[in-house]
Amino acid sequence: MSSSAKPSAQVRKRDDVYVKRTATRLWQELPAADNAYITAQSRCHGYDLMQLMQKRSFVDVLYLLFRGELPTADEASLLEALMVAFINPGPRHPATRAAMNAGIGKTDPGLILPIALTTLSGKHNGAGSLEEGMRFLRQQQRKPAQDTARQLLTTIEWPAEGDCNIAPGFGSHYSGIDNMSQQIAGHLLQMPAAGTALSWGQQFARALAEEGMGWLTTGIVAAVLTDLGFQPRAAAGIYQIISAPGLFAHGVELANKPMTAMPFIADEDYQIEYEK
Amino acid sequence: MKNNTGFWDQRRGKIFSSKGGWKIGQGIFNHGYSMMDDFVGKTSYMQVVMLNATGRLPERPLADWVEAVFICLSWPDPRIWCNQIGALAGTMQTSAMAATCAGTLATDARAYGVRPLIEGLAFIQHACLDSQAGKSIEEIVLSGNRVRRGKPEIMGYARPIAKGDERIAAMERVTEQLDFDIGEHLTLAYRIEDYLATNYNESMNINGYVSAFLSDQGFTGEEAYRMYATLVSSGVTACYVDTRDKIPNSFLPLRCDDIDYQGVVARDVPDRN
């Protein structure tokens with residue numbers, strides 16, 4: 001069959017109907033009387049932006065953007081505590097080090113954060129595991145955490161080296177239990193808005209402790225976002241928003257320093273394993 | 001073993017590369033080749049791209065074939081989603097690199113772009129095994145694939161916006177010019193296309209063609225995805241340049257009422273409790 005006779009060769013437009021205007025339910029911009037391109041009033045889910053500025057916190061409005069309603073005081077406190085807890089992945093985190101590499105290289109400052117957040121999108125204890133983590137908690141929290149732990153521990157294939165992530169958001173961290181994550185989870189659990197996911201996660205983490213595993217950062221974020229009613233698909237971005245201040249701060253901290261202010265691995269410590 | 005940090009200690013302050021690197025004063029090595037001596041001026045850029053992505057240095061004709069696909073996927077049309085990101089970045093005077101990276105990143109997507117190649121190669125390789133095991137084309141098409149609007153949804157077949165795909169005829173010419181045979185996977189891909197055309201009025205798309213060809217050449221889906229990580233980048237750059245060199249903010253400007261607000265009506269903000 002010649003190319004022109006093949007089904008793919010007949011290219012014609014589909015009759016799909018595309019909308020004329022993009023729709024949104026979360027933000028309304030009302031035009032100025034004398035210029036339809038200029039916004040005279042902005043509303044977030046019906047609330048006037050100027051009123052939100054006067055009466056509510058950043059955390060309240062962040063919650064409003066994604067949930068469509070303002071949070072209760074308890075919900076806002078839980079979200080704010082989560083945001084403080086994970087405001088900075090810390091200077092050893094791969095995403096932070098990506099920001100630092102950008103900073104020390106004098107990368108355009110406006111690109112430091114996208115570089116770091118792109119790195120943070122990874123699936124290994126990064127934003128890329130959050131959606132799966134929330135779905136795991138939503139499914140598993142209906143049954144006893146000990147049962148889930150027992151089942152997973154009997155079926156898991158232990159890696160020969162490195163860490164074991166037994167479930168999204170739970171596992172070992174540098175071959176041990178992530179101490180800070182256990183402390184943070186313990187604090188969040190005491191807050192009034194803490195719900196079933198956090199409580200279930202705590203029991204699950206305890207059931208894993210004997211095996212040297214527990215909460216990971218992403219498990220806690222997934223649990224809090226589950227308890228607050230966020231959608232799993234939004235979780236990766238929320239985690240990136242939460243971590244952004246620390247990532248950027250570390251990157252920009254190095255932006256006015258010489259390139260010698262970060263280690264450059266010596267040749268003797270650079271081993272090429274490949275043999276031709 | 002709990003809190004045994006030996007694995008981490010061995011790697012602390014050291015890099016173990018399975019690829020290569022710069023030995024200062026000795027040369028730059030890549031999978032055992034000297035990049036300056038063995039590659040520069042001797043191989044094509046795409047051969048080195050494929051070596052970096054797969055660990056194997058291909059023959060020049062295969063690299064030329066892979067390169068031709070880049071032309072098929074880099075169009076200067078800002079209506080395409082990734083390209084529009086480049087155009088939007090241009091209209092707000094973002095840098096060329098940021099714009100190109102942003103648009104390219106958008107093709108790490110489920111609906112279109114580069115990531116679907118993983119599923120495309122997986123489908124045709126699995127289908128080939130099914131065919132060898134005696135399954136009919138109908139069974140391959142109808143078993144295990146999602147059905148949407150009454151049609152089986154198979155990665156590599158049908159596409160958004162249009163039916164048919166002009167890029168396949170172009171790549172078929174390249175396949176012929178470079179003297180490649182039509183292998184088992186591509187033969188099967190055509191048979192599947194014929195079945196879909198007859199029964200559902202759908203055809204193969206460029207993903208299906210590339211997936212089948214690369215499967216015949218022994219690539220995995222992940223290898224194809226890695227080789228083509230920047231597949232659309234040049235088209236994004238083109239769309240960026242088009243708007244960057246024009247009046248800022250003039251690309252598809254929107255009036256307030258060009259957005260269809262469907263949310264709740266105005267309400268007063270309650271005080272915090």
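Key figures
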{"read-out": "Meets criteria (basic (Lys, Arg), open to solvent by less than 60 Å² (accessible area, probe 1.4 Å) and farther than 18 Å from A:Leu225 by Cβ) for A:Arg12", "value": "no"}
{"read-out": "Residues that are of a type in the set (S, T, N, Q), open to solvent by 20 Å² or more (accessible area, probe 1.4 Å) and in a helix (DSSP H, G or I), drawn from region B:31-53", "value": "B:Asn52"}
{"read-out": "Residue list for region B:1-30, filter: out of contact with any strand residue (DSSP E or B) (no Cβ under 6 Å at 6 or more places or on another chain) and open to solvent by less than 30 Å² (accessible area, probe 1.4 Å)", "value": "B:Gly6"}
{"read-out": "Some residue of region B:155-165 being buried (at least 19 other Cβ atoms within 10 Å of the Cβ) and of a type in the set (Val, Ile, Thr)", "value": "no"}
{"read-out": "Condition check for A:Thr39: open to solvent by 80 Å² or more (accessible area, probe 1.4 Å) and modelled with pLDDT of 95 or more", "value": "no"}
{"read-out": "Test: residue in region A:76-86 that is among the β-branched types (Val, Ile, Thr), surrounded by 13 or more Cβ atoms within 10 Å (Cβ to Cβ) and at pLDDT 95 or above", "value": "no"}
{"read-out": "Selection from region A:116-140 of residues that are free of Cβ contacts under 8 Å to residues at least 60 places away in the same chain and open to solvent by less than 80 Å² (accessible area, probe 1.4 Å)", "value": "A:Thr118, A:Thr119, A:Gly122"}
{"read-out": "Any hit, region B:54-65, residues being open to solvent by 60 Å² or more (accessible area, probe 1.4 Å) and closer than 12 Å to B:Ala229 by Cα", "value": "no"}
{"read-out": "Elements of type helices (runs of 4 or more DSSP H) contained in region A:13-94, each with 2 or more residues being over 21 Å from the mean Cα position of the chain (by Cα) and either more than 7 Å from chain B (Cβ to nearest Cβ) or hydrophobic (A, V, I, L, M, F, W, C) (or both)", "value": "A:49-55, A:73-85"}
{"read-out": "Flag for B:Asp260 being under 29 Å from B:Ile85 (Cβ atoms), free of Cβ contacts under 8 Å to residues at least 24 places away in the same chain and either facing another protein chain (nearest Cβ under 9 Å) or part of a helix (DSSP H, G or I) (or both)", "value": "yes"}
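The values are calculated or read from the model by the stated rules, or taken from the named source; none is laboratory data. Everything quoted here is computed from the prediction, not taken from an experiment. A quick note on method: Cβ atoms are made from the backbone with ideal geometry, for glycine too, and the neighbour counts reach across all protein chains shown. Ligands, DNA and RNA are excluded from the accessible area calculation, which covers all protein heavy atoms including side chains. Shrake-Rupley method; radii C 1.70, N 1.55, O 1.52, S 1.80 Å.
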